[in-house]
Amino acid sequence: MGGPMRPELRLDSAVFRSNIAAVRDRLGDSALMLVLKDDAYGHGLRWAVETALEAGVTSFGSYDVRGGVEVRRIAGGEVTVFAWATSTDEEIDEALLQDIELGVGTVEYLRRIIARAEILGARARVHLKIDTGLHRNGVRPEDWAAAVAEAREAERSGALALVGVWSHIAEASDAEDDAAQALFLEAVRVVGLSGPRPASLHLTASAASWWRPELRGTVSRIGAFCYGIRSADGPELDGVRPAARLVAPVVRVEGESAIVAVGSLDGVPSTLTGMTVGTPAGSRTVSTIDVATMTVEGWPEMAVGDEVTLFGPGAQGEETATTLAERIDTVGEEILTRLGPRIRRRVVD
Ligand SMILES: *Cc1c(COP(=O)(O)O)cnc(C)c1O
């Protein structure tokens, strides 16, 4: 008894650190850039950055400049921070002042960055993005040489340093990823013709970095696997376990069922009805998911305050976030990033 009467996401720092170590081991010569978007995949940015620093991480990837500034505040001046979302001029200024490296996928954005750097007397650190087939954001191959020429000119005038070339791949099929890599390598070659080759070359995220070493650049941008979230429909990963578990207390016993204090308003999709959760007596089935509670098949001597684990590493018989996600055709990250503000994050190790 005496557990919290509201749900908690429990964060295991030792597991997060050992996942990071396993990922770095696997990456070999490719340097880890830890991806922190969506509040560190729902785990909480501050905990993720502080714990990763303890694990020796020196490079962080944040979706936008706002998040990047937050990382800089937590981590201090020694680490590399990369933000890849296209930013407003105010955000560009902030990035320049806080030494945040910028991912740039359009010539228009490149020109705005150069203009702001000239005004501030700063040197923008830019990673130029080639579109290798996703058509989201990225300079098209036919426009690449001209974009590189503009970046090199700004480099000569002191407004820019071209520190990286990058892209993002689909990780949908090996053939598509191979084609994307060919475009990427050609873009790197073209950059090399116009000056020194940038140190940061990055194309792959968790799955491709782990399973397809030949696609890795000098840097790998990894989120999911460091948090212990395996790919949906993907295999288990050696040395990687979920760093978070979602726990909620029994608030009422009704006949043969336990009523547990977590529900769809907390971000647990009601389509997960039928899922398995962990209880003090092992795995049990969830029969309904309501707004603030769920009904779980009972166990002998169940009592108010008993803890039920919705997802985690499996210690109570629960599933992982990815296994739950697979039931509703999504990815494990989605299960974590949906969790609502009522759920407290608590560091347990
Ligand atoms: C989310 C993201 C990543 C990390 O992907 P994971 O599969 O979580 O490792 C890397 N790069 C970009 C651009 C991303 O948006």
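Only one of Arg136, Arg116, Arg123 is under 20 Å from the mean Cα position of the chain (by Cα) and within 27 Å of Val49 (Cβ to Cβ). Can you tell me which?
Numbers: Arg116 fails: under 20 Å from the mean Cα position of the chain (by Cα); Arg123 fails: under 20 Å from the mean Cα position of the chain (by Cα).
Only one candidate qualifies: Arg136.
If you check every pair at least six apart or on different chains, which have Cβ atoms under 8 Å apart with a residue in the range 196-213 that is among the charged types (D, E, K, R) first and a residue that is within 14 Å of the ligand (Cβ to nearest atom) second?
Arg212/Asp177; Arg212/Thr204
So which residues in the range 60-113 are among the aromatic types (Phe, Trp, Tyr) and part of a helix (DSSP H, G or I), if there are any at all?
Listed by number, the list holds a single entry, Tyr109.
So, Gly274, is that one on the phi > 0 side of the Ramachandran plot and either in a loop (DSSP other than H, G, I, E, B) or modelled with pLDDT under 95 (or both) or not? Please lay out each step first, then the result.
Numbers: on the phi > 0 side of the Ramachandran plot: yes; either in a loop (DSSP other than H, G, I, E, B) or modelled with pLDDT under 95 (or both): yes.
Yes; evaluated as a whole, the condition is true for this residue.
Can you name the residue in the range 59-108 that is closer than 17 Å to Leu36 by Cβ and of a type in the set (S, T, N, Q) and is also farthest from the ligand (Cβ to nearest atom) among such residues?
Filtering the range 59-108 for residues that are closer than 17 Å to Leu36 by Cβ and of a type in the set (S, T, N, Q), the one farthest from the ligand (Cβ to nearest atom) comes out as Gln98.
In the range 196-234, how many are of a type in the set (A, V, I, L, M), assigned to a loop (DSSP other than H, G, I, E, B) and within 8 Å of the ligand (Cβ to nearest atom)?
Here the count works out to 2.
Of the residues Val81, Val139, Val69, only one is of a type outside the set (S, T, N, Q) and either within 20 Å of Ser220 (Cβ to Cβ) or surrounded by fewer than 18 Cβ atoms within 10 Å (Cβ to Cβ) (or both); which?
On the way: Val139 fails: either within 20 Å of Ser220 (Cβ to Cβ) or surrounded by fewer than 18 Cβ atoms within 10 Å (Cβ to Cβ) (or both); Val69 fails: either within 20 Å of Ser220 (Cβ to Cβ) or surrounded by fewer than 18 Cβ atoms within 10 Å (Cβ to Cβ) (or both).
Exactly one residue qualifies, and that residue is Val81.
Condition test on Glu333, is it in contact with a Phe, Trp or Tyr (Cβ under 6 Å, 6 or more places away or on another chain), at negative phi and not in a strand (DSSP E or B)? Please lay out each step first, then the result.
Numbers: in contact with a Phe, Trp or Tyr (Cβ under 6 Å, 6 or more places away or on another chain): yes; at negative phi: yes; not in a strand (DSSP E or B): yes.
So Glu333 passes the test.
Looking only at residues that are buried (at least 18 other Cβ atoms within 10 Å of the Cβ), of a type in the set (Gly, Ala, Ser) and in a helix (DSSP H, G or I) in the range 11-58, which one is farthest from the ligand (Cβ to nearest atom)?
Ranking the qualifying residues of the range 11-58, first place goes to Ser13.
From Glu153, Glu108, Glu91, Glu78, which residue is charged (D, E, K, R) and touching a helix residue (DSSP H, G or I) at 6+ places or on another chain (Cβ under 6 Å)?
Values: Glu153 fails: touching a helix residue (DSSP H, G or I) at 6+ places or on another chain (Cβ under 6 Å); Glu108 fails: touching a helix residue (DSSP H, G or I) at 6+ places or on another chain (Cβ under 6 Å); Glu78 fails: touching a helix residue (DSSP H, G or I) at 6+ places or on another chain (Cβ under 6 Å).
From the options Glu153, Glu108, Glu91, Glu78, the qualifying one is Glu91.
Conditions: (1) farther than 18 Å from Asp233 by Cβ; (2) touching a Leu at 6+ places or on another chain (Cβ under 9 Å); (3) surrounded by fewer than 21 Cβ atoms within 10 Å (Cβ to Cβ). Gly278 meets all but one. Number of the miss?
The failed condition is (3).
Take the range 330-349 and flag every residue that is of a type in the set (D, E, K, R) and within 16 Å of the ligand (Cβ to nearest atom).
Across the range 330-349, the qualifying residues are Glu333, Glu334, Arg338.
Picking from Leu9, Leu27, Leu32, Leu36, which residue would you name as being under 17 Å from Arg221 (Cβ atoms), touching a residue at least 12 places away in the same chain (Cβ under 8 Å) and more than 13 Å from the chain's Cα centre (by Cα)?
The match here is Leu27.
Can you tell me which residue in the range 175-195 is nearest to the ligand (Cβ to nearest atom), limited to those that are within 18 Å of Arg125 (Cβ to Cβ) and either out of contact with any helix residue (DSSP H, G or I) (no Cβ under 8 Å at 6 or more places or on another chain) or of a type in the set (A, V, I, L, M) (or both)?
Val188
So which of Val253, Val219 is surrounded by fewer than 18 Cβ atoms within 10 Å (Cβ to Cβ) and touching a residue at least 12 places away in the same chain (Cβ under 8 Å)?
Val253
Restricting to the range 197-226, count the residues that are of a type in the set (Ser, Thr, Tyr) and more than 13 Å from Ala31 (Cα to Cα). I'd like the intermediate steps shown before the answer.
Looking only at the range 197-226, we keep the residues that are of a type in the set (Ser, Thr, Tyr), and these are 200, 204, 206, 209, 218, 220.
Applying the additional criterion that residues be more than 13 Å from Ala31 (Cα to Cα) yields none.
Residues flagged as of a type in the set (Ser, Thr, Tyr) and more than 13 Å from Ala31 (Cα to Cα) within the range 197-226 amount to 0.
Checking Pro242 against (1) within 12 Å of the ligand (Cβ to nearest atom); (2) in a loop (DSSP other than H, G, I, E, B): exactly one of these is not met. Which one?
Looking at each condition in turn, Pro242 falls short on (1).
All but one of (1) of a type in the set (Ser, Thr, Tyr); (2) in contact with a Gly (Cβ under 8 Å, 6 or more places away or on another chain); (3) without any contact (Cβ under 8 Å) to a residue 40 or more places away in the chain hold for Tyr109, so report the exception by its number.
Failed condition: (2).
The values are calculated or read from the model by the stated rules, or taken from the named source; none is laboratory data. Just so we're clear, the structure is a prediction, and the values are computed from it rather than from any experiment. All Cβ positions, glycine included, derive from the backbone under ideal geometry; neighbour counts span all protein chains shown.
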